[in-house]
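The values are calculated or read from the model by the stated rules, or taken from the named source; none is laboratory data. Because the structure is predicted, anything quoted here is derived from the model rather than measured. Just so you know, the surface numbers come from the protein's heavy atoms only, side chains and all, with ligands and any DNA or RNA stripped out. Shrake-Rupley method; radii C 1.70, N 1.55, O 1.52, S 1.80 Å.
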Amino acid sequence: MATASFALDIAEIVRQLLEEGWEIDPEDLAHISPYLTEHINRFGEYSTHELGIQPDAYDPELDVDFTPREQHLTAAGLGRAA
């Protein structure tokens, strides 16, 4: 919230200065903007040394049990009502 009100304050002061005849350079305004973002790394920093590492070969015979969960519970005696 403070940034939004700061931005409105800047805008109002710039309007007043322009009305008084001051010449405002947009590059000068960029230095006082509350929205400076040079310090933000939007996508993060990532190590790239892993790019040369080869993944293990794909194993089409994965050991995964695709039985619905209800059948697991019934087989274990947990699916019955008390």
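The HN-Hα couplings worked out from phi for region 50-60 by the Karplus form 6.51 cos²θ - 1.76 cosθ + 1.60 (θ = phi - 60°) are 6, 4, x, 7, 7, x, 4, 4, 5, 9, x Hz, whole numbers, x standing for Gly and Pro.
In order along region 7-19, the phi-based Karplus estimate (6.51 cos²θ - 1.76 cosθ + 1.60, θ = phi - 60°) of 3J(HN,Hα) comes to 5, 5, 4, 4, 4, 5, 5, 4, 4, 4, 5, 5, 5 Hz; Gly and Pro are listed as x.
Counting only protein chain heavy atoms and rolling a 1.4 Å probe, the accessible areas of Leu8, Leu18 rank, largest first, as Leu8, Leu18.
Taking all protein chains as shown and a probe of 1.4 angstrom, Ser5 keeps an accessible surface of around 60 Å².
Largest first, what is the accessible-area ranking of Phe6, Phe66, Phe43 with a 1.4 Å probe? Display every interim value, and only then the final one.
On the way: Phe6 100, Phe66 175, Phe43 140 Å².
Sorted by accessible area, descending: Phe66, Phe43, Phe6.
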